[in-house]
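The values are calculated or read from the model by the stated rules, or taken from the named source; none is laboratory data. None of the values given here were measured: they were computed from a predicted structure. Cβ coordinates were reconstructed from backbone atoms using ideal geometry, including for glycine residues, and neighbour counts include every protein chain displayed.
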Amino acid sequence: MRLNILHRTSYAYSQPQARLMQLLRMTPSSHIGQHVVDWRIDIDRDARLRYRRDGFGNETAMLYVEGPVDRITLTVAGEVLTEDTAGIVQAANEPLPPLVYLRATPLTEHDDAIATFARDVAGSGADGGSPLDRAHALNRAIGQQMRFDTGTMNVERSAAAAFGAGHGVCQDMAHVFIAGARVLGLPARYVSGHLFRRDGASDQPAAHAWAEAHVDGIGWIGFDPANAICPDDAYVRVAVGLDYREAAPVSGARTGGGVETLDVGVRVGLSQSQSQG
């Protein structure tokens, strides 16, 4: 697919801010099955951007804005050519060994309920199946066990809390998959990105999220428990990390008091050339 993406993030402050510093993980990289044709970051006021790769291999930009600032809008837009690789990620920038992704974080720490669930799922097939079979089974089972909702995302909610509640947004379901996969000895990580919806809903309230697990002999494979599938050519992979905090599109700090209000809008659609083809 040839996809056009527009991701807008707007902040408003009840009091002017003296300074803003934001880390942007909003730029996808090219690898097998994903080619970035064009990409740009626009800021609606004077700002400095410093580009680099982080420790996970993500393309990042540090944003520096001097105040007074009462509102700011960040817009990223571009075109990406995708192919269906059955979720397998190849030739991506991988500075870290897979075993790093066995490390739990507060957002992905498993509890007894997740551990029991993951082991029951893994043992439900003949001899438990292969590691790949177990990962697929876990992905399907989370989609059956938890209800995917589109409510407000709580960035502080852990995998254990979301699993206990029995529902969550895509971020929560990705965290549950990561926690369960690590119980089974599979390195797993969080992925932030975008999803083209084939039902025609091009306007979305936020970016999408899923997970990847590392299987020996194959490599990294994507799993989206919110949709119970492996990512295909409708997905654009942007950033990875141990959990949401380390792959969030925007994170940072501000100098100034008052209340911050956030508004996010995402549009993912077919490019004009493909939609007319």
Practice item. Look through the stretch 74-97, keep the residues that are closer than 20 Å to residue 38 by Cβ and hydroxyl-bearing (Ser, Thr, Tyr), and return whichever of them is surrounded by the most Cβ atoms within 10 Å (Cβ to Cβ). Key: 82
Study note, to complete from the structure: residue 108 fails exactly one of (1) β-branched (Val, Ile, Thr); (2) assigned to a strand (DSSP E or B); (3) buried (at least 17 other Cβ atoms within 10 Å of the Cβ), namely (2)
Review point. Which condition number does residue 79 fail, the rest of (1) assigned to a strand (DSSP E or B); (2) acidic (Asp, Glu); (3) under 30 Å from residue 133 (Cα atoms) being met?
Key: (3)
**Study point:** Neighbours by Cβ (under 8 Å, 6+ apart or cross-chain): first from the stretch 143-157, of a type in the set (Gly, Ala, Ser); second part of a helix (DSSP H, G or I)
**Key:** 143/173
Exercise for review: Would you check if there is a residue in the stretch 250-258 being assigned to a loop (DSSP other than H, G, I, E, B), among the hydrophobic types (A, V, I, L, M, F, W, C) and touching a residue at least 24 places away in the same chain (Cβ under 8 Å)?
Suggested key: no
Point to revise | Test result for residue 176, in a strand (DSSP E or B), crowded, with 16+ Cβ neighbours inside 10 Å, of a type in the set (A, V, I, L, M, F, W, C) and in contact with a strand residue (DSSP E or B) (Cβ under 9 Å, 6 or more places away or on another chain) | key: no
Revision key, fill the gap. Checked 121, 89, 80, 65 against criteria (over 17 Å from residue 177 (Cα atoms), among the aliphatic types (A, V, I, L, M) and more than 23 Å from the chain's Cα centre (by Cα)); the one match is 65
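Going by the conditions given, is residue 56 at pLDDT 95 or above, in the same structural domain as residue 186 (by TED's automatic domain parsing) and either surrounded by 13 or more Cβ atoms within 10 Å (Cβ to Cβ) or more than 16 Å from the chain's Cα centre (by Cα) (or both)?
So residue 56 does not fit the description; no.
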Review point. Looking at (1) surrounded by fewer than 19 Cβ atoms within 10 Å (Cβ to Cβ); (2) assigned by TED's automatic domain parsing to the domain that holds residue 37, which is the only condition residue 266 fails?
Key: (1)
